[in-house]
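Here's the structure we're looking at; comments come further down.
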Amino acid sequence: MGLIYRSLFDVENTGIVEAAPSIFREWLVEKARRAGVDAGALESLETRGEPVTVGAWTVSSVADSNGALAAFGGRLVEKIKGQVLTTSLRVVSSSRQAWADIDLEREWVEGEEFGASWVPLPPGLVRTVLGSYSCTRAGTPLTGEVSEINRESTEAFLQQLLDPGRDLPYVVVTRSEDELASKTADKGRERAGELARRLAGIAQVALFGPMVAQDFSKLIGGAPWDVHSGAVRSYLPGLLRDGDQPQWHRIVHFRRLRDQPAGTAARLTAGRLIEAAIHRKLPESWGTVTTELPRFAPAQSDRDWEEIAEDLDKANAHLKREAEALDQAFRDVQEQARERVADALVAVERYQAREGYLRSWLNTANPDLDIDGGLLATEESTVHREHCTTVVGEAQSNLKWVVFYDPAKVLEGADLLDENSQPVFALNGWQALTALNEYAEKKASEKYEGSFMDYCRSGLAKAAISSSWVAMKESGATGQTRRFREQRTFQVPEEVDASGKVYMEAHIKLEEGGYPAPRIHFHDDTRGKTRMVYVGWFGPHLPNKSKN
């Protein structure tokens, strides 16, 4: 039997124990009617612990108290499509506090067919209890419904996220511009509703209203901590505490949700939160219940040790087979993804090489076109680049006019990008460095006099990048703030600057928005003594006022 869902929370009303038997019974009766199970025997269910069998269901409930402590436990065991599912409700209260726990466990029946994956939904009991009582976890309200955040409540909501005592994950849902402008379907609300349904009792879901994402971004310090434009983000406890990392608070960007069913966000988000929840331990008072309340004492089994050992061996063998199947499925998918990425990168570079060949052919056919020559498209000219650290090494070996004067610093940033496993960062990085090299070479041969931005706009370069990638200056606030300026100051030869350092505000944006929003910071010395371009940083977006 494996635990696949656990919802554990505090209940303000200690009288919930007295109401728990009727809550459990009413839930059973309604569930039986929907499932076509005879509900008659369930309507008079006793709380003495004796199991009642109704078709494929086995039900039991027990209640006990000793004056200082009261507890209720209810359990439904049902066989569905080759599985044994067990739903359990525990409620414990003392004179000062009460808590409830609702678990869902699963056991496959040996020899029966079952699906390769099984995504649990919260038992209906969760919403029943959350809807009937004021429930919290470590003081944070847990409602099971979507919390609406407007501009007036944005600051209070952020304070709730930053509360050091918060023990409850929050999932924030935003709307894209098109969704905010839509007069018909509210896709953002549909996503939030599906998330709340999947995560009832485990996390609280919040939906941002108009303009809230902008206000929230300013308050939290912008990227990489914010969420906007239709994205969904999970904020775990400990947000912005010492040692916190942005990647721990998972974000699902809108490009993965656009034109997808409402449940896509839940499928991509819920698994990790459910996995964390099932590892929560029951409060210590549960141990007191099992020792001091006779009806909750563990039952003595009349089975001998050999039978128990045999069952354990079977269970272990089954779990091993299931783990091996899941591991193989994961490795297959991972390998397929790698192959597709590799094929795409090779195809792109072959097209680039083919473009070079065509430029060379046109230049030979008509020299008046003044089109730069290129390389013939061959297998040797196509190099597979997947990692930014590899790109740095290739650039050091092959790009004569681009210099990494402090290569350890550049590799530090490239290594951070590689942790995000996005091959497009490496591809775009190589394209940008090649463009800088070609630009510097043209300047050295006096075939070009403009800036790098002008060069990208000219349309003459075979390795040019879009001018929208290039920013020759930082904002005034960044340049005027000592800390931000120092983070963009990198080592150069004394021939370039007598201090051995230069503020490199010019940069290339390899990807906009989100995290890590990679950047290449460079200094253009093509009109100086060295005639080179110096790269000081190839890594995640450096801090500024909005991304501090």
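The values are calculated or read from the model by the stated rules, or taken from the named source; none is laboratory data. In this text, all values refer to a predicted model and were calculated from it rather than measured experimentally. Glycine gets a Cβ as well: all are built from the backbone with ideal geometry, and neighbour counts include every protein chain shown.
Overview of results
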| item | result |
| --- | --- |
| Qualifying position, being in contact (Cβ under 8 Å) with a residue 60 or more places away in the chain and either among the aliphatic types (A, V, I, L, M) or surrounded by fewer than 18 Cβ atoms within 10 Å (Cβ to Cβ) (or both), among Glu412, Glu449 | Glu412 |
| Qualifying residue in the range 168-184 (condition: assigned by TED's automatic domain parsing to the domain that holds Gly263, at pLDDT 90 or above and farther than 22 Å from Leu257 by Cβ) | yes |
| Scope the range 36-80; condition aliphatic (A, V, I, L, M), loosely packed, with under 12 Cβ neighbours inside 10 Å and farther than 30 Å from Ser285 by Cα; matching residues | Ile80 |
| Residue list for the range 188-214, restricted to those being among the aliphatic types (A, V, I, L, M), buried (at least 17 other Cβ atoms within 10 Å of the Cβ) and not in a helix (DSSP H, G or I) | Leu199, Ala200, Ile202, Ala203, Val205, Ala206, Leu207 |
| The range 171-187: number of residues that are outside any loop (DSSP other than H, G, I, E, B) and surrounded by 24 or more Cβ atoms within 10 Å (Cβ to Cβ) | 3 |
| Hey, Tyr439 outside any helix (DSSP H, G or I), modelled with pLDDT of 90 or more and either in contact with a strand residue (DSSP E or B) (Cβ under 8 Å, 6 or more places away or on another chain) or loosely packed, with under 14 Cβ neighbours inside 10 Å (or both) or not | no |
| Residue match in the range 289-299 (condition: modelled with pLDDT of 90 or more and more than 14 Å from Val173 (Cα to Cα)) | no |
